[in-house]
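These notes are about the structure you will find just below.
The values are calculated or read from the model by the stated rules, or taken from the named source; none is laboratory data. All figures in this text were calculated on a predicted structure; none of them were measured in a lab. Cβ placement follows ideal geometry from the backbone for every residue including glycine, while neighbour counts extend to all protein chains displayed. Accessible surface areas use protein heavy atoms only, side chains included; no ligands, DNA or RNA. Shrake-Rupley method; radii C 1.70, N 1.55, O 1.52, S 1.80 Å.
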Amino acid sequence: MQTQLTQQQQLESFQRQLEEKRQYINQVLERSHQNLVQGDKNFEQFYFKEAHTIYISAIEGFIEIMKMTKDDANFQDYIKHRLNYTMDRTQMQNKHQAGYYSQNVNKDALNFIKSVLQERTEQPTNQEKKNEIIQKINDINKSEKKDINTGQADEKPPQIEEAQKKKSTVDPELLRQIEESILDSSPNIKWEDIQGLEDVKKVLKETIVLPTIRPDIFKGLLSPAKGILLYGPPGTGKTMLAKAIATECKCTFFSCSAVTLTSKWMGEGERLVRSLFTLAYEREPSVIFIDEIDSIMGARGGNEHEASRRLKTEFLVQFDGVNSNSDKKVLVLAATNRPQDLDEAALRRLTRRIYLPLPDGPARKSMIEKKFLALSQHSLSEEDIEKIVELSQGYSSADLVSVIKEVAMMPIREISTEKLMELKDLTEIRPVHLDDFTTALKIVSPSVSSHTIQEFDEWRREKGQI
Ligand SMILES: Nc1ncnc2c1ncn2[C@@H]1O[C@H](COP(=O)(O)OP(=O)(O)OP(=O)(O)O)[C@@H](O)[C@H]1O
Ligand SMILES: [Mg+2]
């Protein structure tokens, strides 16, 4: 009787667990689906950054479900399909965002209006007129894109084009995957889009750009580093710098992050990494950029997933290949905001370690000048600007972008939607005052704590370089 009851209890407990698991999967699935819908909505309304964050949540959800439903092939297929779709959208969003940040003054102004119009979409307004304006803006953007595409940034030196034409030994399916999701042809970010960080830019030019232009000089003792790590607090421009390198160094640029690789993690990761490096050799000079490297190459632990361990090992083996093949012009560039989490073995191979600090006074000033003063109406005196620079101590560059966006919205918020629709040009909007900045600096607080900076300083003393 006793055992029967226990068996009964066991059965019930098992059923309960199954039911809980089912409910949990349902919840995650529902949430991921909602995220996907929401991401698409943001994407279609040009809110690329927001779309990106939401897509990443969706991807994380789908990966979690994949892990929990390993035995159900049909379900796995379905989830893989959703995952691939989300990955594609993230990829598209990355491209759009890169384009968005590299826009010049005129385009920034247009996008500004566009974002304002989008912000008002929820309210009932003169829909037809709005559509007409959005259409016009899109048309202008399209024609300006053409200019960008024919501009200098896209021109590739003849040796790269030649290398691209050569037949690759990489498996055609993997080649297609790499070309679609990893090969970054033109992020369109230039050196001058990056404010401050003058020392860092100089070092990167010396290590990456000059050797590709004058390989005859940079050899022997002057041969450049093969592994570079960009590290520093979030929002200081690590990813942006890598994109500038892609635009300016005129080499084949492979950009991969944990997200690009995790979708292929289910067994394909190692092969993808191998092919990626093979292709990089075939298309030299090339740069393999691994963003957020800590999430791929975190310290190896005992309870780690087998697939992820194999992927890491493959990366290390390939890194070694790059270091020993001194005649091949392949460079591994990595970025992280958690260098202390990095695997020691990976760190050893990234011999040049470059710190990207929070922007100092002059960098913040130049950020405000280039990203705000040059684009908007304002009544700020030189003293006001100094005051803003002082008040924004401790803000990262990304924080400053948020502050600037907040400030720019302030005069707009005071205008009614109807009036906004009637607006003929931007001069009708009131200029921005110092008060707007002080209010915005209160709304947007710095995202990096002093404790985090201390951690960076310690790590830098121990393992960093500049
Ligand atoms: N030095 C800079 N000059 C101009 N804009 C910058 C700079 N640094 C950051 N930004 C702005 O902040 C945004 C985020 O920067 P980015 O993605 O490069 O940061 P990150 O250092 O890679 O951060 P994370 O560690 O979180 O990945 C950029 O899109 C850009 O608008
Ligand atoms: Mg980044």
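Projecting label points 7 angstrom from Cα along Cα→Cβ for Arg309 and Ser449 puts them 3.4 nm apart.
For the stretch 359-447, the solvent-accessible area with a 1.4 angstrom probe is 52 square angstrom per residue. Electrostatic bookkeeping for Ser32 treats Lys and Arg as +1 and Asp and Glu as -1; over the other residues with beta carbon under 12 Å from its beta carbon, the sum is -1.
Stretching the chain fully between Thr438 and Lys21 yields a gain of 145.2 nm (0.36 nm per residue, less the alpha carbon separation).
Once the Cα-Cα distance is subtracted from the 0.36 nm per residue extended length, the Glu60 to Glu382 segment shows a gain of 111.2 nm.
In this simple spin-label approximation, Asp171 and Arg413 carry label points 7 Å from Cα along the Cα→Cβ vector, and these lie 5.4 nm apart.
Note on Asp320 and Glu344: the extension gain reaches 7.2 nm, defined as 0.36 nm multiplied by sequence separation minus the Cα-Cα distance.
Just give me a number: lysine pairs in the stretch 359-447, eight or more positions apart or cross-chain, with C-alpha atoms less than 19 Å apart. Total qualifying Lys-Lys pairs in the stretch 359-447 comes to 10. If each of Lys424 and Lys463 carries a label point 7 Å out from its Cα toward its Cβ, how far apart are those two points in nm? Each label point is offset 7 Å from its Cα along the Cβ direction, giving 6.2 nm.
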